[in-house]
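No lab work stands behind these numbers, since they all come straight from the coordinates. Just so you know, these numbers come straight off a predicted model, no measurement behind them. Quick reminder, even Gly has a Cβ in these numbers, built from the backbone with ideal geometry, and neighbours come from all protein chains shown.
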Amino acid sequence: QVQLQESGPGLVKPSQTLSLTCSVSGGSISSGAYYWNWIRQSPGKGLEWIGYIYNTGGTYYNPFLKSRITISVDTSKNQFSLKLSSVTAADTAVYYCARADNWKPNWFDPWGQGILVTVSS
Amino acid sequence: QSVLTQPPSVSAAPGQKVTISCSGSSSDIGNNDVSWYQQVPGTAPKLLIYDNNKRPSGIPDRFSGSKSGTSATLGITGLQTGDEADYYCGTWDSSRSVSYVFGSGTKVTVL
């Protein structure tokens, strides 16, 4: 059974770069036609899709965040990562990683437990 | 601001039924499949329904989904206290802002 786990700093200063990693266990990130996603949820708010990466390195990002996002994959470590640059308080959120079935996702499953990242000086 | 509109809250007594609507447009729900997620406070979302009406293994048949035109509906029958959670719909948005979008979320309260 595939499981995902987010890790990274819980506090980032404004204008700096947020960096998170999602570790995949119970299955290889390289096997199967899956897409590896980042999704966030601001405190008390709804869900916002950030983007995904395929095991070959192909990516697709939310157009509203595209200029600040980089998602990468390290198949040797069975991990994928998110970098979000020039952060502001509006980027404070719980960040989730999740697996999707398609380049045009029909579902996200499973999800990681999430990691709260606060942007503050 | 969410592209998909859901009622902020619904409630019912234990054992009763609730339905949650998710309203979109021809560029999202109208041309793409819908999935539904349950989020118990303090936990990650969990997939409940995919491809409009399919349940993943382990999801009880008390949960059902349907889609018609540019709207989708999640139904929960035999409501239980453990069903108290936020529920989100989601789908691909094929408009100029091509992206995956989620609904605004609905809080289900068991009275």
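Before moving on, here are some points about what is shown:
- The charge dipole of chain B, taken about its Cα centre with unit charges on the Cβ of Lys, Arg, Asp and Glu (plus for the first two, minus for the last two), comes to roughly 100 debye.
- Separation in nanometres of the label points that stand 7 Å from Cα toward Cβ, at B:THR77 and A:ALA90: 4.5 nm
- Of the residues B:GLY69, B:GLY30, B:GLY58, the one that moves most in a GNM of chain B with alpha-carbon contacts below 10 Å is B:GLY58.
- Per residue of peptide B:99-109, the mean number of Cβ atoms on other chains within 10 Å of the residue Cβ is 4.
- Shielding by partners, peptide A:103-116 (average Cβ within 10 angstrom, other chains): 6
- Binning the alpha carbon pair distances of the range A:72-121 at 10 angstrom intervals from zero yields the distribution 20, 43, 33, 5, expressed in whole percent.
- For A:THR56 and A:LYS77, the difference between the fully extended length at 0.36 nm per residue and the C-alpha to C-alpha distance is 6.1 nm.
- Packing-based ranking, highest mean first, of B:19-28, A:25-34 given that Cβ atoms within 10 Å are counted: B:19-28, A:25-34
- Dipole of chain A, positive end: most advanced residue of A:SER7, A:ALA90, A:SER30 [Cβ charges, Cα centre]: A:ALA90
- Inter-chain Cβ neighbour count for B:40-46, averaged per residue, equals 5 (cutoff 10 Å, partner chain atoms only).
- A Cβ-based charge dipole, computed about the Cα centre of chain A with Lys and Arg at +1 and Asp and Glu at -1, lands at about 240 debye.
- Ratio of the Cα radius of gyration of the protein assembly as shown to 2.2 N^0.38 Å, where N counts its residues: 0.99
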